[in-house]
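The structure under discussion appears below in the form of C-alpha cells.
The values are calculated or read from the model by the stated rules, or taken from the named source; none is laboratory data. As the structure is a computational prediction, the values presented were derived from the model and not from experiment. Using ideal geometry, Cβ is built from the backbone for each residue, glycine included, and neighbour counts are taken over all protein chains shown.
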Amino acid sequence: MSASSIGASPTGAIGGPDSATPRRINTPQQVLFASLIGTEASALSDQREASLKATHGREALLRGQYQEAERLLTEALQSGALAVPTQISALGNRGIARWRLSDLPAAVDDFNAALRLSPEEAMIYNNRGNVLLELRHYDEAAKDFSQAIALIPNYGQAFNNRGNARFLLGDHAGAIADYTKAVALMPGLLRAACTVAIDRALRAPVATREDRRE
C-alpha cells in the first residue's frame, strides 16, 4: 500500500463517503440559537444606523441646516430602532428643527411625544414653552417655563422666558421678578438682554384683570 492512498477515498477526496469522520447534525435547538444570534446582530446593526442618522441630524441642526436635520431625524425615528434615550433626544431635536422651520404645531407634537417618554426633561419644557409663546398661548407657555424651573431651579433661560410670558400676560411685577432672577443666573450678553427687558416692564402700564383677559 502506497503512502498516497492512506485515508483517501477512491476519488482521492479526504474524508469522503467512506471516511470514518462522523457527519455533524444540527439539532433544532442549535438552529434556533443561530437564528436568534443572526436576528440580534441585525437589530444591533439597525440600531447603530438609526443612531448615526440621529447624530448627523443633531449636527445638521447645530449648523443651522434645519431641513436636513428634520429629514435625518425623521428617518432615524421612523426606523423604530432607536433606543429610548436616543429617541427622546431625536424628538427634542426634530422639534427644534421644526420650530426653526416655522412648523410650530409639528414642533409641539414632537415635544409632547418626547415628554410622554420622559416627563422630567427641563430643556424640552423650555423649548415647548418658547413655541407656545410664538403661538400666543401665553398662559400655557408660562406653565411650561415654570415646570422647567421646578426641575432645574437655576435654569436662567427658563426664568427669562417666563418673564417674557408674564410680561405678555400683563403680569409686569412677575416679569420683573423673573428677569431679575435671570440676570443673577446668566452671564454676559444675556444679562444685558434681561436688563433691557426689566426696563421695558418697568415702563409698561399696569394691566388690569380685564385687560389680561382681552
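One table, with the values for the structure above:
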{"quantity": "Residue ranges of helices (runs of 4 or more DSSP H) in region 69-186 with at least 2 members outside the structural domain of Ser45 (by TED's automatic domain parsing) and β-branched (Val, Ile, Thr)", "calculated": "122-134, 172-185"}
{"quantity": "Ala43 being modelled with pLDDT of 85 or more and surrounded by 11 or more Cβ atoms within 10 Å (Cβ to Cβ)", "calculated": "no"}
